[in-house]
1. Got a number for residues in region 7-36 being touching a helix residue (DSSP H, G or I) at 6+ places or on another chain (Cβ under 6 Å), farther than 19 Å from I71 by Cβ and of a type in the set (F, W, Y)?
2. Quick one: in region 70-81, of everything that is in contact with a helix residue (DSSP H, G or I) (Cβ under 7 Å, 6 or more places away or on another chain) and closer than 23 Å to F30 by Cβ, which residue is surrounded by the most Cβ atoms within 10 Å (Cβ to Cβ)?
3. Take the conditions exposed (fewer than 14 other Cβ atoms within 10 Å of the Cβ), modelled with pLDDT of 90 or more and closer than 18 Å to I100 by Cα and apply them to A67. Does it pass?
4. Applying the selection to region 70-105, what residues are outside any helix (DSSP H, G or I) and of a type outside the set (K, R)?
5. All but one of (1) at pLDDT 90 or above; (2) surrounded by 14 or more Cβ atoms within 10 Å (Cβ to Cβ) hold for L39, so report the exception by its number.
6. Which residue out of S74, S56, S98 is free of Cβ contacts under 8 Å to residues at least 40 places away in the same chain, within 19 Å of I111 (Cα to Cα) and hydroxyl-bearing (S, T, Y)?
7. Confirm whether G24 is touching a Phe, Trp or Tyr at 6+ places or on another chain (Cβ under 7 Å) and either in contact (Cβ under 8 Å) with a residue 12 or more places away in the chain or of a type in the set (F, W, Y) (or both).
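The values are calculated or read from the model by the stated rules, or taken from the named source; none is laboratory data. None of these values were measured; they are calculated from a predicted model. Cβ sites come from the backbone with ideal geometry, for glycine too, and all protein chains shown count toward neighbours.
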Amino acid sequence: MHDRNDPRVFFAAERTLLAWNRTGLTLMGFGFVVERFGLLLHMLRQAPGHMGRDFSFWIGLAFVGLALGVIGFSIVQFRRVLATLKSTEIPEHYCTWSGIVMNLSVVGLGIALMVYLLAEL
């Protein structure tokens, strides 16, 4: 894969991890918007009685779940790349776990969002 003792390889892997984080956040935001748009349409129809969960709710929830999967898998991939790097390719005293912690935080908040959406109504 690489022969040089170059820290740019590590930084490229970290940028990729963060790019997948942004992709996951975008998917999560889109899922939330789809779910709320369905709720808005339902309220505009002014249907009496129990509002229930329509198809947009499940599509939105699926997007949030997809986002969690993408972010979780990016953590696995980043750890695999880290395992292949030599110690000279990682800058001395550099915190290699900060990106992982941030991604895990987003996953935790995404799970909280899914629980909120499922518990609502």
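1. Adding up the residues that qualify gives 1.
2. Only one residue fits best here, namely I71.
3. no
4. Selection gives L85, I90, P91, E92, H93, Y94, C95, T96, W97.
5. With (1) at pLDDT 90 or above; (2) surrounded by 14 or more Cβ atoms within 10 Å (Cβ to Cβ) applied to L39, the lone miss is (1).
6. It is S56.
7. For G24, the condition - touching a Phe, Trp or Tyr at 6+ places or on another chain (Cβ under 7 Å) and either in contact (Cβ under 8 Å) with a residue 12 or more places away in the chain or of a type in the set (F, W, Y) (or both) - is not met.
Every residue, every condition in (1) of a type in the set (F, W, Y); (2) under 30 Å from E14 (Cβ atoms); (3) surrounded by fewer than 18 Cβ atoms within 10 Å (Cβ to Cβ), yes or no:
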site: A83; (1), (2), (3): no, yes, yes
site: C95; (1), (2), (3): no, yes, yes
site: N103; (1), (2), (3): no, yes, no
site: L109; (1), (2), (3): no, yes, yes
site: E120; (1), (2), (3): no, no, yes
